[in-house]
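A short write-up of the structure that comes next.
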Amino acid sequence: MTNRYKMRISRLTIDKLGVKLYDKVSAVIAELVSNSYDADATEVTIEAPMGEYLASKAGGVITDKNFKIKVTDNGIGMTPDEVNNYYLVVGAERRTDNRPGRGDASPKFNRKVMGRKGVGKLAPFGICEVIEILTSGGEKIQRPRADGKVETGYLTAHLILNRKDMLKDTEFEYEPETGSKDDTLRPESGTTIILKRFAYRRVSEHPTFSRQLSQRFGLPTNNWKIKTCDTTKMETAEDYEAIVGPFSVETMDNSKIMLEGPKGPNLSVEDDAQYSAIGPTGETIEEFGAGFHHDGRFYPITGWAAYAKNPYKDELMAGVRIYCRGKIAGQTAIFNRKAGFHGEHSIRSYLVGELYADWLDEDEDMIQTDRRDILWSHDLGQKFQEWGQKVILKIGHLTRDPMRKKTWERFAEVGKVEKQIEEVFPADGQEAIRDTARGLAKLLGQTIRASEVEDIEVVEPMVQLSLTLAPHVTLDKKLKEAADAQNTPIAVISGILRTARLAELSSFGKIAEDRLKVIERVQGLKDDPETAEEKLQKLIQYAPC
């Protein structure tokens, strides 16, 4: 069959926009999914071998394992002419194109399109060699068949892109292979992209893969659904398919700041009258608003920011996610604040958020092509950065007490504080010592970092210190109370003496415990042939115990 599709593209473009920009399977699939969204699809199905390496590697040689990844949507699709005029043109500005089916909004649902210059179609070349496209679009037509009957459907384009062939020359007019289903009619519009002949890349486990896609899109779900299917399983298996839901993160109580404004695209406006930042108890925040002013315009930011209920489990939930037109534009943990500030560890471990700023590519495109970050060096980027630093400072103030409370609760759980206190001070007359031990443990527990509270080697010495000091602190309190009282009853004196005795025993016990450890160490040194006898004699003379 004669090749009728032509793509003019440079080898450098393929290399830069495909191979070097996209090396994760989830990022590649996200680009294809966003194309489906722009094509007014209501459902996208992704079929992939979850949890599998797409190729094997031995002795530096990569061998394909004949896997396929298929992305299918029910969008408006494309006719063969549209494929030639639009799809195979890389770098053309879509949003300012006034031709039918082009422009800033999708033709059917009037969605603000995510794509801009058509470079996402090259993303699969970061993980595979072959991209097969099967797409049906335009108006439904009728035409006679060879047998005289009339067939009805959508005109179909079927073509195959091969990276190796595309890279043969520096710049040329590449002719993709025409597929067997080209120029046929299909009953429904839509597009299927099939990826083949993979590099050494791994597809994440099914739950993680779905979560990776969820993290990349901040979209309403009323007419949009993403379904993932694990082709390593039977279709009848319970875990064969999953629906990608909203990306959810549990947040700490009294830490969430809501950034509110009218529904719809967040483009720059004349003033901030319709936007506000609301604190956890419903109060309007004075330190900043839901956006910032720059050069006589207001740049709105909606969404929320907070502390997570628990420290980050993975990089997906780390920091604040920034979306533009429903697609992730970047992710930041501290809005580029210089390291070494007070509370930095908590912010890096707990700060989460979901912000929407469609003005990021309103005029100039401030988003890196691979969607890993935004251009903070831009004037607007710097204003955004300054605004974000005010937000995290406010959240830090709001969460100071809740963070301490949470750290103490986990400290008490890991160190079994209550159990140890009850075991060491079980008597009825030792309530005051138990209370003091709890207070000391809480004081010490709130001073450690959230990451340290899970380490028993950090927690246990602090618990033991609390138990050791509790009788002494209690005794000191009782002595002061007795000194301040004019007539101290004999019962109070008796209680003081009992506490003093307990404090002495506690100290003696700690000393004895430490000496036993030293004795065990000396016994070990005694039997070690490398131990100098003279030094050992001096040690025994100094500590005859």
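Mind checking whether some residue in the stretch 168-185 is aromatic (Phe, Trp, Tyr), surrounded by fewer than 18 Cβ atoms within 10 Å (Cβ to Cβ) and outside any loop (DSSP other than H, G, I, E, B)? Looking for residues that are aromatic (Phe, Trp, Tyr), surrounded by fewer than 18 Cβ atoms within 10 Å (Cβ to Cβ) and outside any loop (DSSP other than H, G, I, E, B), one finds at least one in the stretch 168-185, hence yes. In the stretch 211-219 there is at least one residue that is of a type in the set (A, V, I, L, M), out of contact with any Asp or Glu (no Cβ under 7 Å at 6 or more places or on another chain) and assigned to a loop (DSSP other than H, G, I, E, B).
Within the stretch 349-364, restricting attention to residues that are crowded, with 16+ Cβ neighbours inside 10 Å and at pLDDT below 90, which residue is nearest to THR399 (Cα to Cα)?
Here is the first cut: in the stretch 349-364, the residues crowded, with 16+ Cβ neighbours inside 10 Å are 349-362.
Add one more test, that the residue is at pLDDT below 90, and what stays is 349-350, 361-362.
Numbers: SER349: 13, TYR350: 10, ASP361: 33, GLU362: 35 Å.
In this case the residue turns out to be TYR350.
Scanning the stretch 147-159 for residues that are touching a strand residue (DSSP E or B) at 6+ places or on another chain (Cβ under 6 Å) and either under 18 Å from GLY126 (Cβ atoms) or of a type in the set (Asp, Glu) (or both) yields one hit, GLU151. Within the option set ASN336, ASN310, being more than 21 Å from PHE217 (Cα to Cα), surrounded by fewer than 20 Cβ atoms within 10 Å (Cβ to Cβ) and touching a residue at least 60 places away in the same chain (Cβ under 8 Å) holds for one residue only, ASN310. On the basis of being crowded, with 18+ Cβ neighbours inside 10 Å, in contact with a Pro (Cβ under 8 Å, 6 or more places away or on another chain) and among the aromatic types (Phe, Trp, Tyr), does TYR299 make the cut? Against the criterion (crowded, with 18+ Cβ neighbours inside 10 Å, in contact with a Pro (Cβ under 8 Å, 6 or more places away or on another chain) and among the aromatic types (Phe, Trp, Tyr)), TYR299 does not qualify.
Sort through THR135, THR72, THR63, THR152 and tell me the only one that's among the β-branched types (Val, Ile, Thr) and out of contact with any Ser or Thr (no Cβ under 7 Å at 6 or more places or on another chain). Explain how you work it out, then say what you get.
On the way: THR135 fails: out of contact with any Ser or Thr (no Cβ under 7 Å at 6 or more places or on another chain); THR72 fails: out of contact with any Ser or Thr (no Cβ under 7 Å at 6 or more places or on another chain); THR63 fails: out of contact with any Ser or Thr (no Cβ under 7 Å at 6 or more places or on another chain).
From the options THR135, THR72, THR63, THR152, the qualifying one is THR152.
Take ASP484 and tell me if it is under 43 Å from the mean Cα position of the chain (by Cα), surrounded by fewer than 19 Cβ atoms within 10 Å (Cβ to Cβ), modelled with pLDDT under 85 and not small (Gly, Ala, Ser).
Values: under 43 Å from the mean Cα position of the chain (by Cα): no; surrounded by fewer than 19 Cβ atoms within 10 Å (Cβ to Cβ): yes; modelled with pLDDT under 85: yes; not small (Gly, Ala, Ser): yes.
Criteria not met by ASP484.
Scanning the stretch 250-269 for residues being in contact with a strand residue (DSSP E or B) (Cβ under 7 Å, 6 or more places away or on another chain) and closer than 23 Å to GLY291 by Cα gives a total of 12. Residues in the stretch 80-105 that are closer than 16 Å to LEU159 by Cα and either aromatic (Phe, Trp, Tyr) or not in a loop (DSSP other than H, G, I, E, B) (or both): PRO80, ASP81, GLU82, VAL83, ASN84, ASN85, TYR86, TYR87. Looking only at the stretch 392-435, residues that are touching a residue at least 60 places away in the same chain (Cβ under 8 Å), of a type in the set (D, E, K, R) and in contact with an Asp or Glu (Cβ under 9 Å, 6 or more places away or on another chain) come to 1 in all.
The values are calculated or read from the model by the stated rules, or taken from the named source; none is laboratory data. As the structure is a computational prediction, the values presented were derived from the model and not from experiment. Note that we place each Cβ from the backbone using ideal geometry, even for glycine, and neighbour counts take in every protein chain shown.
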